[in-house]
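Here's the structure we're looking at; comments come further down.
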Amino acid sequence: MLYPTAQAWRDAPNKRVVLFAMSGLGKTHVSNILRQAGDWFHYSIDYRIGTRYMGEYIVDNAKRQAMQVPFLRDLLLSDSIYIGSNISFNNLTPVSTYLGKPGDPDRGGLPMHEYVRRQGQFERAERLALLDTEYFIDRAQDLYGYPHFVCDTGGSICEWVDPQDAEDPILTALSSVALMVWVRGSEAHTEDLIRRFDRAPKPMAYRPDFLSSAWTRYLDATGTSEEGIDPDAFIRWTYAQALAHRQPLYEAMASNWGITVDASDMSGVRTAADFEDIIAKALPD
C-alpha cells in the first residue's frame, strides 16, 4: 500500500485516497468536507463520467426529446435555444436519467437493447474515468497546488474489476497512486439503503452477465413480457440482489488492495483531521 503504516500516513506530505462503497454510505459527504478544508482536491468519478465521457450522450438525448415538440424543434434548428446538462458533484441526475430503466415505455422504460447499449457506454466511461485518477492527482498538485487528494468513486466500481487478479489494470493503477479505502456498511445500513431505494428507485450500472441473469430470472419469476415490465419494479427487485452481489467484491478489494473503514465511523467525520485519524486507525501501527 502507498501508506504501509499509520505513521507513514500521518507523516505523508501528500495524502491520497480512493473511497469506494455502495452509493449512499457517505463517500461524497466526506469528500465535500475534505474539499471545504481547503487543501484537498475532490475528484468525483461520476462527475467526470457525466461531463467528459457521457456529456454528449446526455445532451443529445435531451435534444432528441425536444425535437419531438414542434415549438422546440424550430428553435433548436434555428440555433435559437441551447440545451445543456447542469451536472454537479451533488446533482448527478443527468447521468442516471440517461441510463434509464428497462421496461414498459409508457411507464418511462427503455427497450432492453437500448438499456444494454447505454450500460455499455457507462461501463466504458467509468473505466476511463477511474484510469484518469493519476492524471487528476498530478493536475491538482501542479496546477492548483493541492497537496491532498480524494477520489470519490461510484458504487459500480466493483463491477469492472477483478480483485483476485494481482494485475487488474484498474486496481493496479489506483493503488499505485492512492490508498484504497472501503467504507463498509452494516446490515442496518443495507436495510436502510434498500428502504431508501424502494422509496425513490434510481438507475444503476451492472456488469453485463449480472444484468442478463437478473433480467431473465425476473421475466421467469413474473411471467411478464419485456414490454410489460414495470421499470421501477424491476430495478427495485434487482437492487437488493446487487447489494449482495457487490458486498464480497468490495470486501476482496479492501483485503487485497487497501483498507476498511466502517461507515458508522466515517459518518462522524466533521473535519479533515477527523478523517485523517480514522484512516490512521485502520492502518497497521
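The values are calculated or read from the model by the stated rules, or taken from the named source; none is laboratory data. Keep in mind that this is a model prediction, so the values were computed, not measured. Positions of Cβ are generated from backbone atoms using ideal geometry, with glycine treated the same way; all protein chains shown enter the neighbour counts. Side chains included, ligands, DNA and RNA excluded: accessible areas come from the protein's heavy atoms. Shrake-Rupley method; radii C 1.70, N 1.55, O 1.52, S 1.80 Å.
Charged side chains reduced to their Cβ positions (Lys and Arg at +1, Asp and Glu at -1) give the stretch 6-282 a dipole of some 480 debye around its Cα centre. The simple Förster model, with R0 at 25 Å and r as the Cβ-Cβ distance, assigns D165 and Q241 a FRET efficiency of 0.55. Distances between placed amide hydrogens fall under 5 Å for Y146 paired with Q141, all partners being 5 or more residues away or on another chain. Solvent-accessible area of the stretch 6-282 (1.4 angstrom probe, protein heavy atoms only): carbon and sulfur portion equals 48 percent. Entry note, the chain: relative contact order of 34 percent, from Cα contacts under 8 Å with a spacing of 6+ residues. The calculated P(r) of the stretch 101-258, using every Cα pair and 10 Å bins from 0, goes 9, 33, 32, 19, 6, 1 in percent. Scanning residues 5 or more positions from R184 or on other chains, those with amide H under 5 Å from its amide H are V261, D262, A263, with H placed 1.01 Å from N in the peptide plane. One chain, two ends: Q36 and D60. Fully extended at 0.36 nm per residue, the span grows by 5.3 nm beyond their Cα-Cα distance. For the stretch 141-184, place one equal point scatterer on every Cα, skip the solvent, and apply the Debye formula. What is log10 of I(q)/I(0) at q = 0.21 Å⁻¹? The computed values of log10 I(q)/I(0) come out as -0.82.
Counting only DSSP beta bridges with both residues in the chain, the antiparallel share comes to about 5 percent. Note on the stretch 111-139 and the stretch 168-223: Cα centroid distance 15 Å, given to the nearest whole angstrom. Using +1 at the C-beta of Lys and Arg and -1 at the C-beta of Asp and Glu, which of S85, G55, I33 has the Cα lying farthest in the positive direction of the dipole of the stretch 1-95? Checked the options; the winner is I33. When each of the peptides 176-186, 191-201, 273-283 is scored by how many other beta carbons lie within 10 Å of its residues on average, the order from highest to lowest is 176-186, 273-283, 191-201.
Using alpha carbons only, the radius of gyration of the chain set against its Kirkwood radius gives Rg/Rh = 1.00. Zone of S186 (label point 7 Å along Cα→Cβ, backbone N under 16 Å): which residues in the stretch 7-27? Only 25-26 fall inside the zone, counting backbone N under 16 Å.
Its relative contact order, with pairs defined as Cα atoms under 8 Å and 6+ residues apart, puts the stretch 136-232 at 21 percent. Taking a ≥ b ≥ c as the square roots of the Cα gyration tensor eigenvalues, the stretch 1-91 comes out prolate, since a/c reaches at least 1.5 and a/b is larger than b/c. Other residues within the sphere of radius under 15 Å centred on the Cβ of L128, judged by their own Cβ, net out at -3 (K and R +1, D and E -1). Each distinct pair of alpha carbons in the stretch 8-166 adds a 1/r term; the inverse of their mean, the Kirkwood radius, is 17.8 Å. The figure for Y53 is an accessible area of roughly 40 square angstrom, using a 1.4 Å probe on the protein chains alone. Sequence-ordered 3J(HN,Hα) estimates for the stretch 187-197 from the Karplus curve with 6.51, -1.76 and 1.60 and θ = phi - 60° stand at 4, 5, 4, 4, 4, 5, 4, 5, 4, 5, 5 Hz, glycine and proline given as x. Solvent-accessible surface of the stretch 1-147, taken per residue with a 1.4 Å probe and all protein chains present: 52 Å².
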